[in-house]
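Novice: Shown below is the structure under consideration.
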Amino acid sequence: MADLNDPIPAGRDDWWRHAVVYQVYVRSFADSDGDGIGDLPGITSRLPHLAELGVDALWITPFYTSPQHDHGYDVADYTDVDPLFGRLSDADDLVARAHELGLRVVVDLVPNHTSDEHAWFQAALAAGPGSPERARYLFRDDPTDRPGTPPNNWESVFGGPAWTQVDDGQWYLHLFDSTQPDLDWRNPEVPEMFEGVLRFWLDRGVDGFRVDVAHGLFKEASLRDQVVEPGGRPASGAGEMVERNVSDEPMWDQPEVHDVYRSWHRILDEAGADRMAVAEAWTQTPESMAAFVRPDELDQTFNFAWLLADWSAEAFADVITSTLAAVEGVGAAPTWVLSNHDVVRHVTRYGGGEQGLARARAATLTMLALPGSSYLYQGEELGLEQVDVAPEDRQDPSYLRTGEVGRDGCRVPIPWAGTEAPYAFGPGAGQPWIPQPDDWAALTVGAQATDPTSTLAFYTDALRIRRGFAWTAGEEVSMLDLGADVVAFERGPITVLLNCGTAPVELPAGEVLLASGPVDGTLPPDTAAWLR
Ligand code: GLC
Ligand code: MG
C-alpha cells in the first residue's frame, strides 16, 4: 500500500485506532452512468478526492441487492450488488483501487432486519404460521386478551406501530419500516447466515464492517410491552432516533447481543489482525457503549454523545471526559462523529449560515485532535448545510410513515464542479435523485480546491497536520481550565482550545499549528485552534 495516507507505525495492524474514516452515502456520492443515482464505479472514479483530502479509510453505505425502500438498509441479497450500483466486479475494482491509493474500505452490514423481498421473508410468508421459515423472523399471533391488535405496544423508529399483520392474521415485528422485518437472532440459522456474509466480503478483501443497528439484534424474549411513563413516548421518526425519551427499552441493547460480537471477533481475526468492525449502537450510557468494544468484541463503536452535545464548552468537555473514561476501562480507543446520513448536518445544527459554519469547523478541529478515530460524512468537508428538500422530492421512509421532515436533507448529492445542478455529480444534465440547490456553485469541490480559505482546504490542512501527531501524541488527554466558555486540553505536544463563548480568549504561548478561523493573538468566539 502507498504510504501517502498511511502513517500507521510499522508492525501495527490496528490501523483504525487513530484513523479518519470518510462515510460515503452511495446514492449521493458520484454517478457514473447518468441515471441520477450514485454508484460503485462513480465512487471508484472519485477516490483520488479522498486520497488528496487525506483520510485513511472510507465506509460505504449498503450497495447490496435491495428494493431501496430504506435506500439499501433493506437488503434482499447480502452477497450481491444491486444493479442500480453496479456489479460484484465493480465492488472488487473499488476495493483494489482504494488499496492502491492507501485507503481502507469498510462496508455496511445490516443484521437486524432483512428486506421483505429477501428469499427468507418470502419463504416465511408462503410457509405459514408455525413453520421453520417463519421462525427466522418474529411472527406472533394476536394477543389472546386483545384480539385484533398488535402483539405489544412497540413503535417503529420510523413512526407508527412496529408490527404489520399478514393475510393469515399473524403479525411480524419491524423496528424500522414495514419492508424491514426483524430477524430472530435466537434462531441459530440467523447467526450462521451472517457468519457466511462476513466471510464472503472478507474474502473479497474488505478491511472492515460498519454494523447497522448493532444494539438491536436481540429483543427481550417475552416481547413484553414497553413501559412508557406518562408524557413520554417511544422514539419515533428518524430525526428522533437520537432522542431517547423513554428509559425502558426491551427492544434495544440486550445482553445476548455480545455473544454475537464475540463470534464475529474470531471471524475477523481469522481473516487477519488488520480487519475491523465498528458498531452503530445507540446506547443509553457511556458504559453500555463501551461494552461493545471489550477486547473480545468489536473494535470500535460510534460515540453519538459527541454529535448530540449542544454548543457549549461544558457539554463538549463532559463528553470528552466521560467517553475517555468509559473506553479506557476496556482498552479500546474512542471514536468521534459530528454528522452522518441519519442526522441534520452539523453546520445547520449549530445554527447555519456563517456562524453555523464557523462552529462546525471549530467542533471538527477539536474532534480531530482527540485520540481515537474520527468519522466524517461526505460533504462536511465542503461545509454543506442541511437542504430543505421539497415535500414532493422527499423519499425517506420515516417521512412517508409520519409526514415529519426526515433525513433527505443530509443526503443531497455532492457538488463536484460547474455552476449549476447536477454540478458534475453525474455525466448528464438532469437533476439527481434528490435535486440539488441552485446556490451551490461556490461549494463545489472544484471551486473550493483552488481557494486556500475554503472549508475543503481547511479539512485538507487539518488532516495533513493530524497525520503528523495522530499516532505519536499518545492517548492521554489532560483537560485545562481556561474558563467556563472554553474547551481546552493537552494531548502530548498539542494544545487544543475551542471558544464556545461570546468574547475572545487570550491564546496561551506556543505556535498556532492551525485554527478553524482567523486568529490574531486571541481566539475569537466560535473558533478552535491547535497549538504546539
Ligand atoms: C441505521 C441506519 C439508518 C437506517 C436504519 C435501519 O440506523 O443508519 O439509515 O435507516 O439503521 O437500517
Ligand atoms: Mg448511477
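Novice: For a quick check: sort E229, E189 by the number of other beta carbons within 10 angstrom, fewest at the front.
Specialist: E229, E189
Novice: When all alpha-carbon pairs of the stretch 268-368 are counted, what percent fall beyond 24 Å?
Specialist: So the portion of pairs separated by more than 24 Å is 29 percent.
Novice: In Å and from the alpha-carbon atoms only, list the Rg and Dmax of the stretch 415-495.
Specialist: 19.4, 54
Novice: Further question on the same structure: Could you tell me the extents of the stretch 392-454's C-alpha atoms along the three principal axes, largest first, rounded to whole Å?
Specialist: 43, 28, 14
Novice: In whole Å, what are the Cα extents of the stretch 358-488 along the three principal axes, biggest one first?
Specialist: Computed over the stretch 358-488, the largest-to-smallest principal extents equal 50, 40, 26 Å.
Novice: Tally Lys/Arg at +1 and Asp/Glu at -1 over every other residue whose Cβ is under 15 Å from the Cβ of P132; what's the total?
Specialist: Cβ neighbours under 15 Å give a net charge of -1.
Novice: Where does the charge balance sit around I37 when Lys and Arg score +1, Asp and Glu -1, over other residues with C-beta under 9 Å from its C-beta? Walk me through the numbers before you get to the answer.
Specialist: On the way: positive: R27; negative: D31, D33, D35, D39.
Combined, the nearby Lys, Arg, Asp and Glu give -3.
Novice: Compute the projected area of the convex hull of the Cα atoms of the stretch 132-179, averaged over all viewing directions, and report it in nm² to one decimal place. Walk me through the numbers before you get to the answer.
Specialist: On the way: hull surface 14.1 nm².
Here the figure is 3.5 nm², rounded to one decimal.
Novice: A further question on this structure: For a quick protection proxy, order the peptides 430-437, 142-149, 26-33 by their average other-Cβ count within 10 Å, most packed first. Walk me through the intermediate numbers first.
Specialist: Working: 430-437: 18.4, 142-149: 10.2, 26-33: 23.5.
In descending order of packing, they fall as 26-33, 430-437, 142-149.
Novice: Whole number please: convex hull volume per residue, Cα atoms of the stretch 336-415, in Å³.
Specialist: In the stretch 336-415, the Cα convex hull volume per residue is 94 Å³.
Novice: Among residues other than V412 whose Cβ falls under 14 Å from its Cβ, what is the net charge (Lys/Arg +1, Asp/Glu -1)?
Specialist: -4
Novice: Same structure again: Could you tell me whether the stretch 418-461 comes out rounded, prolate or oblate from its Cα gyration tensor? Rule is a ≥ b ≥ c as square roots of the eigenvalues, rounded for a/c under 1.5, then prolate if a/b exceeds b/c, otherwise oblate.
Specialist: Here the stretch 418-461 falls in the prolate category.
Novice: With angles folded into 0 to 90 degrees, how steeply does helix 189-203 sit against the dominant principal axis of the chain? Use alpha carbons for both and round to 10.
Specialist: 40
Novice: Please list the equivalent ellipsoid semi-axes of the stretch 35-98, computed as the square roots of five times the alpha-carbon gyration tensor eigenvalues, in descending order and whole angstrom. Please list the in-between numbers first.
Specialist: Values: eigenvalues 96, 28, 24 Å².
So the three semi-axes of the stretch 35-98 are 22, 12, 11 Å.
Novice: Then there's this: Please list log₁₀ I(q)/I(0) at q = 0.11, 0.14, 0.17, 0.21 Å⁻¹ for the stretch 81-217, using the Debye equation with identical point scatterers on the alpha-carbon positions.
Specialist: Reported log10 I(q)/I(0), two decimals: -0.50, -0.74, -0.97, -1.27.
Novice: In whole Å, what are the Cα extents of the stretch 171-325 along the three principal axes, biggest one first?
Specialist: 48, 45, 24
Novice: Any chance you could tell me what percent of the C-alpha pair distances in the stretch 1-136 go past 27 Å? Spell out each step's value before the answer.
Specialist: Values: 2915 of 9180 pairs.
Counting pairs separated by more than 27 Å, the tail of P(r) holds 32 percent.
Novice: Which of D310, D35 comes first, and how do the rest follow, when ranked by fewest Cβ neighbours within 10 Å?
Specialist: The most exposed by this proxy come first: D310, D35.
Novice: Can I ask one more? Going by a ≥ b ≥ c, the root eigenvalues of the Cα gyration tensor, does the stretch 455-497 fall in the rounded group (a/c under 1.5), the prolate group (a/b larger than b/c) or the oblate group?
Specialist: Because a/c hits 1.5 or more and a/b fails to exceed b/c, the stretch 455-497 counts as oblate.
Novice: Suppose we look only past 45 Å in the calculated P(r) of the chain. What percent of the Cα-Cα pairs does that tail hold?
Specialist: On the way: 16325 of 141246 pairs.
The calculated P(r) of the chain puts 12 percent of pairs beyond 45 Å.
Novice: Kindly work out what percent of the DSSP beta bridges joining two residues of the chain are antiparallel, to the nearest 5. Kindly include the intermediate steps, with their values, before the conclusion.
Specialist: Values: 29 of 54 bridges.
The antiparallel proportion sits near 55 percent.
Novice: What order, most packed first, do the peptides 180-188, 82-90, 205-213 have when packing is the mean number of other Cβ atoms within 10 Å of each residue? The partial results should precede the final answer.
Specialist: Details: 180-188: 19.7, 82-90: 16.9, 205-213: 23.0.
So the order, starting with the most tightly packed, is 205-213, 180-188, 82-90.
Novice: Mean projection of the alpha-carbon convex hull of the stretch 1-62 over all orientations, in nm²?
Specialist: Averaged projected hull area, Cα only: 4.7 nm².
Bear in mind these aren't lab numbers, they're just calculated from the coordinates by the rules spelled out. These numbers come from a predicted model, not from an experiment. Note: ideal-geometry Cβ built from the backbone for every residue, glycine included; neighbour counts use all protein chains shown.
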